[in-house]
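Bear in mind these aren't lab numbers, they're just calculated from the coordinates by the rules spelled out. Just so you know, these numbers come straight off a predicted model, no measurement behind them. Counting neighbours? That spans all protein chains shown, and the Cβs are built from the backbone with ideal geometry, glycine included.
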Amino acid sequence: MTSAHFLSLTPAGLYCPAGDFFVDPVRPVARAVVTHGHSDHARAGHGAVLATRETLAIMAIRMGEGFAATTQALSYGETLRLGGIDVSLHPAGHVLGSAQIRMADARAVVVASGDYKRDEDPTCAPFEPLACDVFITEATFGLPVFRHARADDEIAKLLASLRLFPERAHLVGAYALGKAQRVAALLRRAGYDRPIYLHGAMEKLFSFYASQGLDLGETRPVAASDRATLGGEVVICPPSAVQDLWSRKFPDPVACFASGWMRVRARARQRGVELPLVVSDHADWDALTGTVLETHCARTLVTHGEADALVHWAKSAGLEAEPLHLLGYGEEEPETGAASGMEPTPA
């Protein structure tokens, strides 16, 4: 049992008996409230799913229209009564449609943040701090060593490399949902106006983002016959594609990877990344600790990542805290976990 009086920890994930729903369950359940569309949080097979309109659309794109028996969309700030619990969704700043779940009854307010970041992102609504009694937070980058660079500065490194190596294709590994579109948006903001080439795995989600009014400029699919001609171009692809046979037809490709894990040089070398770009869709250490304080919570529960470090910090700050040891939160693409044995996650 968690310390939040209306939540319990089960093999399927966090369960709210008073509302009869699960939060981001890792197994099929009768009713799920889902924070966002990454596949470690959003899974097929539930009886009913409550999420933002964008998250439901993303789940349908990724899993097929029949991913759940029934669905219900909830707008940011709208409240729905489920049993004895008032449930509302609020921006998490992670990817398009991502939400924190606010749950309240007469005795307490609990906020489950899902995955979140505090950095500005032109592709999604910014994180909204919520006052609560209990704050459930991730800790993907929950160590003081993780202090992310400015994303615009990292994109400037990519543009500098393009100028330095105009004959080489630049393959940017980026997770298909959220990170890839953010990289494209940051390139456009920096003044890059050439077509951006997309691996086939990126096309549907880019089209969806465009349908939601996000202008990412001209994008083109990479045809097999075109790869040898793309010297000097930016190609966005899944991280796994940078190192596989698909990449070898490009002219002297520069292997890039946009991820918070690129702060760890050994990890970049291990993956053969020539140009690491520290662009993360998760909160770094300062953002994690600052957010916990900003909620004015009395207790924090840590779901995944470096839980022990964040719990220790919270206790030293005078808060009650404990890890939840939720299993099943992982990553979008094949990838090894961080050193220290934490669960890997899209970063």
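Charge dipole of the chain (Cα centre as origin; +1 on each Lys and Arg Cβ, -1 on each Asp and Glu Cβ, all else neutral): 520 debye, rounded to the nearest 20. Averaging 1/r across all pairs of distinct Cα atoms in region 38-186 and inverting the result yields a Kirkwood radius of 17.5 Å.
Please find the FRET efficiency linking HIS296 to ARG220, where r is the Cβ-Cβ separation and R0 is fixed at 56 Å, and quote it to the nearest 0.05. Rounded to the nearest 0.05, the efficiency is 0.70. Taking 0.36 nm per residue of separation and subtracting the Cα-Cα distance, full extension of the segment from ASP105 to ASP193 would add 26.6 nm.
Computing FRET efficiency as 1/(1 + (r/R0)^6) for ASP20 and GLU120, where r is the C-beta to C-beta distance and R0 is 30 Å, gives about 0.20.
Going by the alpha-carbon gyration tensor, a ≥ b ≥ c the square roots of its eigenvalues, is region 162-213 rounded (a/c under 1.5) or, if a/c is not under 1.5, prolate (a/b greater than b/c) versus oblate? Taking the square roots of the gyration eigenvalues as a ≥ b ≥ c, region 162-213 is prolate. Reported to the nearest whole Å, the Cα centre-to-centre distance from region 164-198 to region 93-116 is 31. In region 208-317, the C-alpha radius of gyration followed by the widest Cα-Cα span (Dmax) gives 19.6, 59 angstrom. Restricted to Cα atoms, region 44-130 shows a radius of gyration and a Dmax of 13.5, 39 angstrom. One decimal place: the segment THR79-ARG150 gains 22.1 nm when fully extended, by the rule 0.36 nm per residue minus the C-alpha distance.
Using a basic spin-label model with each label point 7 Å from the Cα along Cα→Cβ, how many nm lie between LEU159 and ARG27? Using points 7 Å along Cα→Cβ, the separation is 5.0 nm.
Which residues does a label at MET63 reach in region 85-100, if reach means a backbone N under 18 Å from a point 7 Å past the Cα toward the Cβ? Within reach of a label on MET63, which here means backbone N under 18 Å from a point 7 Å along Cα→Cβ, region 85-100 contributes 95-100. The three principal axes of the Cα atoms in the chain give end-to-end lengths of 63, 44, 32 Å, sorted in falling order.
When the charge dipole of the chain is built from unit charges on Cβ atoms (+1 for Lys and Arg, -1 for Asp and Glu) and taken about the Cα centre, the candidate among PHE250, ALA180, PHE141 whose Cα reaches farthest toward its positive end is PHE250. Taken about its Cα centre, region 1-129 carries a charge dipole of about 300 debye when Lys and Arg each add +1 at the Cβ and Asp and Glu each add -1 at the Cβ.
Sorted by average packing, counted as other Cβ atoms within 10 angstrom per residue and highest first, what order do 121-131, 76-86 take? Don't skip to the end; give the middle numbers.
On the way: 121-131: 18.1, 76-86: 13.5.
Packing order, densest peptide first, comes out as 121-131, 76-86.
Springs between alpha-carbon pairs under 10 angstrom, Gaussian network model over the chain: which of ALA18, ALA92, ALA307 fluctuates most? Looking only at ALA18, ALA92, ALA307, the largest GNM fluctuation is found for ALA18.
Dividing the helix sum by the residues of the chain, where each DSSP H run of 4 or more adds -39500 (n - 2.57), gives a mean residue ellipticity at 222 nm of -6000 deg cm²/dmol. Extension gain for SER207-ASP252 works out to 13.3 nm (0.36 nm per residue, less the C-alpha to C-alpha distance).
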